[in-house]
Structures are given as C-alpha cells and as structure tokens.
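Before any comments, here is the structure.
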Amino acid sequence: MGTSITTCLLAAGHPVIAFDKDISRRRMLRRRVYALLREMRLEKLVSKEPAALTKKLTVADDLGAFGETVLVIECIFEDLDAKRDILRKIEEAVGPEVLIGSNTSALPVTELQRGARHPERILGIHWAEPAHITRFMEVICGNQTDVSNAERVLRFARRWNKEPTLVRRDIRGFITNRIMYAMMREAFYLVENGYATPADVDRSVRNDMGYWITMAGPFRFMDLTGIPAYAAVMRDLLPDLCRDTQVPMLMQELTGSGARGVSNAKGFYSYTPAQAKRWEKRFLEFSYDIRALALKYAEKPED
C-alpha cells in the first residue's frame, strides 16, 4: 500500500520522501509510481504529466531523510510491536512538531502511542486500497492525540481528494472494519452451516447492499427506506446472529493451505492464472468507476 499512498500524495502536488528497508522495492518504486500516475492521468484524475509529478519523489535509504517533513506516514505490516518499533525510530529522526500517522486497519492508536516521546502528534490514518483512487479515509485519535493535530490531517486528506472521517475515540477496528468484519463473520456462519455457498452469499450481498451502499451508508439508507421496519426486524433477528469469537474454520483451512486470493490464484474461488489477472484488472477498473459515482452522489454542505 505504500506505493499507492506515495502516488496519492504526489498526485496532490506534495513533495514526497519514501523509505523502504528492502532495497529491491526501493529500486522499483519510482517505476511503479509512474505507472499508477499514468493510469490516473488517463482517467483524468490528475492533469500533470507523470514525469513532472515523479520529479517530486525522493527515495531514501535512511529514516534521517524525514527530518524536514511535515507529516510521516508509517505503513508497515499489521503488527503492534513492529509498528511501535518503527514509530519510535521515526520519532528519533524527526522534530517534535512533525505529525506521525500510522496506516493501521485495526490496532488501537492508544497502544501505538505507549512509550512515545510526543504521543500527542501520533494518530491513525486508515487508508483503503487502492489508496490513490478511493475516497475513503479514517483519521483516528488515540487517548493522547491532540485533536488539533487530527484536524490538520483532515485538512490534508481533503487536499488528497479524500472524504475523511474523524474517529473521535479510539476503538479497535475503527468504523468500517468493525462493521465489515461483523458482516464477514455472519457470511462464514452461513457458509459453514450449509445455508449458502460463498458464491450465493456474494451474489445476494452484491445485489442488495452493494446496490445502495456507495450512495447512502446504513443510517441514510434506513432514512430513505423507512425506519420502523428495521426496528421490527432487529427485535427478531439480532438475537439469532452469529456471535462467535474464533477465526472461522474455513478461513483457517484456506490460510493454512497458502491461499492468498487472486495474487496466487487460490482462494474461496478457483482461478486459472489468467482468470486471476482478469479479476485484478476488473477490480482496478471498478475502483475508478466507483470513484466517479461516489463523487456524483457525495454529500454536499447544503444537504
């Protein structure tokens, strides 16, 4: 995700310093960013030539290069100890006024702040992949985050063409992941207990929730379609929903077999390598299309 975040920041006109401890990824970064910026230009999401934008990219081999920055975004793998370690190293490399954001999907920001020299400037910045296309962003306050620092990141995010949400109190998983994983838990329950296949679940969700959710979100959708009916369904249905706390057995079996999805053509569905590539291409095309649709129906201040 670091590559698409770098692309997003360059597309917004920022000078960007990128660091990766892996020398092979550092060597490939400029080429990969150029390719993403070229796609954005073809989709009319940027007006400048990719070559002009990539001139603002510096690829560094040492964290000391971040010394003069305004904001540092950490986006390593989702491991609390590893993230704490890199955040401490970033703090050693930058001044006390530099904002530090952690791109985390679920880790409590308060836990990331523990032991920090300046915890008030550490916050969560939750991106969605592909980060250079999606409008999504959550900015999360830990218990020690200065809210004015979060508000600064919200202003940055709007410049990045995001429609950001401020998560005012720290909670594991934040907003969308708590809702999404509750849905996934129920999806596994239906499949593992023989009520439906993965394809059945996907089809139903895609053609119901998938039809309205880009425009409305759950609370707006209830307003649009009549609140009392939802209260009546909740009384009967909520006690019957899955409340398991363990990783579903189907997920354990898949991950144990080495399945990673389309990246290795092995997942809940069977893919040939060619089919996996086609699905990756479809997802990218869809991401551009859904961005255009989201902009068309985005909430405006007068609403």
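Count neighbours as other Cβ atoms within 10 Å of each site's Cβ, and list the GluC sites (Glu not before Pro) in region 252-303 that are DSSP loop with at most 12 such neighbours.
Values: sites: Glu253, Glu280, Glu285, Glu299, Glu302; in loops: Glu299, Glu302.
In loop regions of region 252-303 (DSSP not H, G, I, E or B), the sparsely surrounded GluC sites (Glu not before Pro) are Glu299, Glu302.
Across Leu45, Leu166, Leu238, mean-square fluctuation computed from a Gaussian network of the chain (C-alpha pairs under 10 Å connected) peaks at Leu238. Taking a quarter of the surface of the Cα convex hull of region 164-303 gives a mean projected area of 11.3 nm². Lys/Arg Cβ at +1, Asp/Glu Cβ at -1, dipole of the chain taken about the Cα centre: which of Met184, Gly2, Gly13 is farthest positive-ward? Comparing the listed Cα positions along the dipole, Gly13 ranks first.
Largest first, what is the accessible-area ranking of Thr6, Thr272 with a 1.4 Å probe?
Details: Thr6 15, Thr272 65 Å².
Reading off the accessible areas and sorting them downward yields Thr272, Thr6.
Computed on the Cα trace of region 255-295, the radius of gyration divided by the Kirkwood hydrodynamic radius gives Rg/Rh = 1.14. Calculated on the Cα set of region 1-103, radius of gyration then Dmax: 14.0, 41 Å. Pairs of Cα atoms in the chain fall into 10 Å distance bins, from 0 up to the last occupied one, in shares of 5, 22, 32, 28, 12, 2 percent. The Cα center of region 42-73 and the Cα center of region 130-146 differ in position by 19 Å. Loop-resident chymotrypsin sites (Phe, Trp or Tyr not before Pro) (DSSP state other than H, G, I, E or B) in region 22-80 with no more than 15 further Cβ atoms inside 10 Å of their Cβ: Phe77. Sparse packing (at most 14 other Cβ atoms within 10 Å of the Cβ) combined with a DSSP loop state is found for the following chymotrypsin sites (Phe, Trp or Tyr not before Pro) in region 247-298: Tyr269. Would region 27-76 count as rounded, prolate or oblate if I go by the C-alpha gyration tensor, calling it rounded below 1.5 in a/c and otherwise prolate when a/b exceeds b/c, oblate otherwise? Prolate, because a/c is 1.5 or more and a/b exceeds b/c. Roughly speaking, what is the stretch gain from Glu49 to Tyr269, that is 0.36 nm per residue apart minus the C-alpha to C-alpha distance, in nm to one decimal? Value of the extension gain: 75.3 nm. Distance between the modelled labels on Ala199 and Ser24, one decimal in nanometres: 3.6 nm (7 Å Cα→Cβ projection). Between Glu68 and Thr225, residue separation times 0.36 nm minus the direct Cα-Cα distance comes to 51.4 nm.
Which residue, Ile171, Ile125, Ile140, has the most motion in a Gaussian network model of the chain that connects Cα atoms within less than 10 Å? Comparing Ile171, Ile125, Ile140 in the GNM, the peak value goes to Ile171. Taking only the Cα atoms of region 201-265, the ratio Rg/Rh comes out at 1.11, with Rh defined as the Kirkwood radius.
The values are calculated or read from the model by the stated rules, or taken from the named source; none is laboratory data. Everything quoted here is computed from the prediction, not taken from an experiment. Here Cβ is always computed from backbone atoms with ideal geometry, including for glycine, and neighbour counts include all displayed protein chains. Accessible surface is based on the protein model in full, side chains and every heavy atom, while ligands, DNA and RNA are left aside. Shrake-Rupley method; radii C 1.70, N 1.55, O 1.52, S 1.80 Å.
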